[in-house]
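Structure first, then comments.
The values are calculated or read from the model by the stated rules, or taken from the named source; none is laboratory data. Given the structure is predicted, the values throughout are model-derived calculations rather than measurements. Note that we place each Cβ from the backbone using ideal geometry, even for glycine, and neighbour counts take in every protein chain shown. Areas reflect the complete protein model, heavy atoms only, side chains present, ligands, DNA and RNA absent. Shrake-Rupley method; radii C 1.70, N 1.55, O 1.52, S 1.80 Å.
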Amino acid sequence: MQRDIATPIRTKEILNKYGFSFKKSLGQNFLIDSNILKKITEAAGLTKEIGAIEIGPGIGALTEHLARTSGKVAAFEIDNRLLPILKDTLSPYSNVTIYHQDILKADLKPIIADQFQDMKDIMVVANLPYYVTTPIIMKLLEDHLPIKGIVVMLQKEVADRIAANPGTKNYGSLSIAIQFYTVPETVMIVPKTVFMPQPNVDSAVIRLTKREQPAVHVKDEHFFFEIVRKSFAQRRKTILNNLVNGLDKGRERKDEIIVALEECDIDPARRGETLTIQEFGKLSDTLLPLFQ
Ligand code: SAM
């Protein structure tokens, strides 16, 4: 087995060899600690029967660990300057395919069908570019891909919001959007020192295990998420005020909104942050006929 990419010395050697300079705008903070990479792949529960999708392989630090522990790797990198580097650093591994694509624009379903047909499960594993953490996770979930779960490094502050429970300050529309599709767990908090260059914020690794069915059955998912977003528009306001001000013709329908809230046993004076996903589900189904 060759020397790990994820050491300060080898990373510097590779960067110097290619005259590579980091682009802050692309969220380029490379991992230089193999122990963290081992913990990430362990958290993903990889085996040779599992295919791995990676977002942003960088110079291949995580990719080589995925190549060693999973059956196949499909990695998406936006920065064309990294392609010759990856070709070089990953040359010992025959089970890796690099796609030069923006993950937000990639059509993943045909790639998954093509790459992973002989795999039992698929996991997404990545050290995410922090400027697009939320859009990437939401795309992976909203595209309804046949994946088992997602294990990613991200900003600790975002991990805290994703895993938050009702009634806490971090609980909001992001917690609900992600908990609707998955069960989140924080795997570990990660110090800045394991990155080159070091990011300005603290980091964490989270595991999102996809649910067989969404956390709550709703008649209209789009309307459910609209109600959730509008309920948190102004956190200090009551759910009633947020819905009256946020929904189309909400002011005219204030009395009907109060009746709907009461029908769901939700006190109109409560704040959005106290409602569970199940309560939001019931509320959106009750409001739907009024706003269809
Ligand atoms: N995986 C490497 C590691 O852990 O050392 C690099 C991680 S670095 C935090 C994020 C990587 O994502 C960079 O290589 C960056 O160029 C890439 N990237 C940024 N935006 C992207 C996008 N929209 N689609 C695909 N890759 C992207």
Scan segment 88-138 residue by residue and report those that are of a type in the set (F, W, Y) and closer than 24 Å to R68 by Cα.
Y93, Y99, F116
Taking R81 as meeting all but one of (1) open to solvent by 30 Å² or more (accessible area, probe 1.4 Å); (2) in a loop (DSSP other than H, G, I, E, B); (3) within 14 Å of the ligand (Cβ to nearest atom), write down the number of the exception.
(2)
Answer yes or no as to whether L15 is in contact with a Leu (Cβ under 7 Å, 6 or more places away or on another chain) and within 13 Å of the ligand (Cβ to nearest atom).
no
From the list L128, L140, which one is in contact (Cβ under 8 Å) with a residue 12 or more places away in the chain, under 22 Å from N200 (Cβ atoms) and not acidic (D, E)?
L128
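Just for helices (runs of 4 or more DSSP H) wholly inside segment 95-184: which have at least 1 residues that are touching a helix residue (DSSP H, G or I) at 6+ places or on another chain (Cβ under 7 Å) and closer than 19 Å to L62 by Cβ?
133-142, 156-162
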Check A74, A52, A126 and return the single one that is away from the ligand (no atom under 11 Å from the Cβ), within 17 Å of L208 (Cβ to Cβ), assigned by TED's automatic domain parsing to the domain that holds P184 and within 21 Å of the chain's Cα centre (by Cα).
A52
Taking the condition of being open to solvent by 80 Å² or more (accessible area, probe 1.4 Å), part of a helix (DSSP H, G or I) and touching a residue at least 24 places away in the same chain (Cβ under 8 Å), how many residues in segment 240-281 meet it?
2
Would you check which residues across segment 39-49 are in contact (Cβ under 8 Å) with a residue 24 or more places away in the chain and more than 14 Å from R207 (Cβ to Cβ) and list them?
T47, E49
